[in-house]
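Colleague: Can you read through this structure? Questions will come right after.
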Amino acid sequence: MTDMVNGEMLQLARESRGFTQGRLSRLASISQSKISKYERDYAPISDSDLTVIARVLDYPKSFFHQSVQPRGFGVSGVYHRRRQSIPMLTLKKIQAEFNIRTMEIEKLLEGAEVKAENEFHRLDVEDFDDNAELIAELVRAQWNLPLGPIKSVIGVIESAGGIVLKCDMGTRKLDAQSRWISGLPPLFFANKDIPTDRLRFTLAHEMGHVIMHRIPTTNIEDEANQFASSFLMPRREIIPDLIPFSLERAVRLKLKWKVSIAALIMRAFDLGILTKSQKRRFFTLMGAAGYRTVEPVTLPDDEEPATLRRLIEVYHKEHDYTTAELCNMLAVNEADFRMLYLQAPPLRIHKF
Ligand SMILES: [Zn+2]
């Protein structure tokens, strides 16, 4: 018996497991040239080949029949400096997982609605004289956010209809990734292994990209950082806290503003409270105390996404879907589903 599979889905599945064609070929005992052919187009595939590939890659067979529109990293992926050092296979794995999650979220949203009190709007940074701080202030005002520290960045994103998913990136070199595809809410994929202060800053940074950047330019990283810094530490409210600036004070402020000490030093410098040499001195002090690698005071791990769980709940409770039916609809295996959407430990361990 032969069947047709979508080659792009096969490639996506393989890359999402971090496999090269060679590795899949060895594990499935199918020649690499055959796999390459299957991936290139809708090539006929024998049922036995599809069965073994599905088993090795641990996806249901239905996964490989889906149509897909391959998507890149989007604007926020272009200038990430740290990305240069991530191995290509890891990068492909992350990108494939983003694509798969995006497809799943798209399907989930077809049958359930996300209600949100606020909305994401694009505010092109060029229209604001490249002033990301002004945009951050506007967004805080538009969304009626209270003065002072942001209690939960994920909460703010979700209250504006964005969807956040914490994922296992397999590297600590990539903190988060966002994309805003037409017809979908902005999606934020965050590394589950980073500390809370870093998670909050990186998500605010990605918000900046989503809101301000349609076309990548060389300034977008600085602008997104400026947005994040101003969004989390508004000028007027943080200045009284930062004067006089000291490291002991910054440790206390970290708990209040829920940002890293490094972010507080940078903000104090941006606001003219610290000179360049003072900034350098504080970073040297931090380095000497070992704070550059691990900062003192750990923030509680209280940034948790809720929207996706609620969506799943709608399917379970209102649409009477069993977990198996949901997995079937999403073309995902149950272990992956539980780990990703129910945040429960996987039922079985990958053998490879
Ligand atoms: Zn960025």
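The values are calculated or read from the model by the stated rules, or taken from the named source; none is laboratory data. Since this is a predicted model, take the numbers as computed values, not measurements. Virtual Cβ from ideal backbone geometry, glycine too; neighbours counted across all protein chains shown.
Colleague: Got at least one residue in the range 25-45 being touching a residue at least 40 places away in the same chain (Cβ under 8 Å) and not in a helix (DSSP H, G or I)?
Modeller: yes
Colleague: Right, here's the next one. Only one of (1) surrounded by fewer than 20 Cβ atoms within 10 Å (Cβ to Cβ); (2) at pLDDT 95 or above is not met by residue 309, so which one is it?
Modeller: Result: residue 309 passes all but (2).
Colleague: If you don't mind, there's one more thing I want to ask. Residues being touching a strand residue (DSSP E or B) at 6+ places or on another chain (Cβ under 8 Å) and of a type outside the set (Val, Ile, Thr): count how many of those fall in the range 119-167.
Modeller: Adding up the residues that qualify gives 5.
Colleague: For a quick check of your reading: which helices (runs of 4 or more DSSP H) sit entirely within the range 215-291 and have at least 1 residues that are more than 16 Å from the ligand (Cβ to nearest atom)?
Modeller: 235-242, 247-257, 261-270, 276-288
Colleague: Oh, and also: Exactly one of (1) in contact with a Lys or Arg (Cβ under 9 Å, 6 or more places away or on another chain); (2) surrounded by 17 or more Cβ atoms within 10 Å (Cβ to Cβ) is unmet by residue 178. Its number?
Modeller: For residue 178, the exception is condition (1).
Colleague: Could you tell me whether residue 95 is surrounded by 15 or more Cβ atoms within 10 Å (Cβ to Cβ) and either at pLDDT 95 or above or within 16 Å of the ligand (Cβ to nearest atom) (or both)?
Modeller: In short, yes.
Colleague: Can you name the condition, by its number, that residue 198 falls short on among (1) assigned to a helix (DSSP H, G or I); (2) within 13 Å of residue 231 (Cβ to Cβ); (3) not hydrophobic (A, V, I, L, M, F, W, C)?
Modeller: (2)
Colleague: Only one residue in 157, 100, 105, 163 is touching a Leu at 6+ places or on another chain (Cβ under 7 Å), over 29 Å from residue 67 (Cβ atoms) and of a type outside the set (Phe, Trp, Tyr), so which one is that?
Modeller: 157
Colleague: Name the pairs: first residue in the range 223-234 and over 10 Å from residue 208 (Cα atoms), second residue in a helix (DSSP H, G or I) and among the polar types (S, T, N, Q), Cβ to Cβ under 6 Å, at least 6 apart or on different chains?
Modeller: none
Colleague: Quick check on the range 27-43: of everything there that is surrounded by 12 or more Cβ atoms within 10 Å (Cβ to Cβ) and of a type outside the set (A, V, I, L, M, F, W, C), which residue is nearest to the chain's Cα centre (by Cα)?
Modeller: Filtering the range 27-43 for residues that are surrounded by 12 or more Cβ atoms within 10 Å (Cβ to Cβ) and of a type outside the set (A, V, I, L, M, F, W, C), the one nearest to the chain's Cα centre (by Cα) comes out as 39.
Colleague: Here is a follow-up. If you take the residues in the range 175-214 that are of a type in the set (S, T, N, Q) and without any contact (Cβ under 8 Å) to a residue 60 or more places away in the chain, which one is farthest from the ligand (Cβ to nearest atom)?
Modeller: Here the residue is 182.
Colleague: Has the range 204-216 got any residue that is surrounded by 21 or more Cβ atoms within 10 Å (Cβ to Cβ), in contact with a Cys (Cβ under 8 Å, 6 or more places away or on another chain) and either among the aliphatic types (A, V, I, L, M) or under 20 Å from residue 307 (Cα atoms) (or both)?
Modeller: No; the residues of the range 204-216 include none that is surrounded by 21 or more Cβ atoms within 10 Å (Cβ to Cβ), in contact with a Cys (Cβ under 8 Å, 6 or more places away or on another chain) and either among the aliphatic types (A, V, I, L, M) or under 20 Å from residue 307 (Cα atoms) (or both).
Colleague: Inspect all residues belonging to the range 184-201 and state whether any of them is surrounded by fewer than 23 Cβ atoms within 10 Å (Cβ to Cβ), out of contact with any Pro (no Cβ under 8 Å at 6 or more places or on another chain) and of a type in the set (Ser, Thr, Tyr).
Modeller: Within the range 184-201 (the criterion being surrounded by fewer than 23 Cβ atoms within 10 Å (Cβ to Cβ), out of contact with any Pro (no Cβ under 8 Å at 6 or more places or on another chain) and of a type in the set (Ser, Thr, Tyr)), the answer is no, since none of the residues qualifies.
Colleague: Residues in the range 1-42 that are within 26 Å of residue 167 (Cβ to Cβ) and either of a type in the set (Ser, Thr, Tyr) or touching a Gly at 6+ places or on another chain (Cβ under 8 Å) (or both): how many?
Modeller: 4
Rundown of residues vs (1) among the small types (Gly, Ala, Ser); (2) buried (at least 17 other Cβ atoms within 10 Å of the Cβ); (3) touching a Pro at 6+ places or on another chain (Cβ under 6 Å), yes/no style:
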{"site": "85", "(1), (2), (3)": "yes, no, no"}
{"site": "88", "(1), (2), (3)": "no, no, no"}
{"site": "101", "(1), (2), (3)": "no, yes, no"}
{"site": "115", "(1), (2), (3)": "no, no, no"}
{"site": "119", "(1), (2), (3)": "no, no, no"}
{"site": "125", "(1), (2), (3)": "no, yes, no"}
{"site": "129", "(1), (2), (3)": "no, no, no"}
{"site": "136", "(1), (2), (3)": "yes, yes, no"}
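Colleague: If a residue must be without any contact (Cβ under 8 Å) to a residue 40 or more places away in the chain and either small (Gly, Ala, Ser) or touching a Ser or Thr at 6+ places or on another chain (Cβ under 9 Å) (or both), how many such residues does the range 127-144 contain?
Modeller: 3
Colleague: Residue by residue through the range 216-254, note down the ones that are of a type in the set (Asp, Glu) and over 17 Å from residue 138 (Cα atoms).
Modeller: Once the filter is applied, which keeps residues that are of a type in the set (Asp, Glu) and over 17 Å from residue 138 (Cα atoms), the range 216-254 yields 221, 222, 241, 248.
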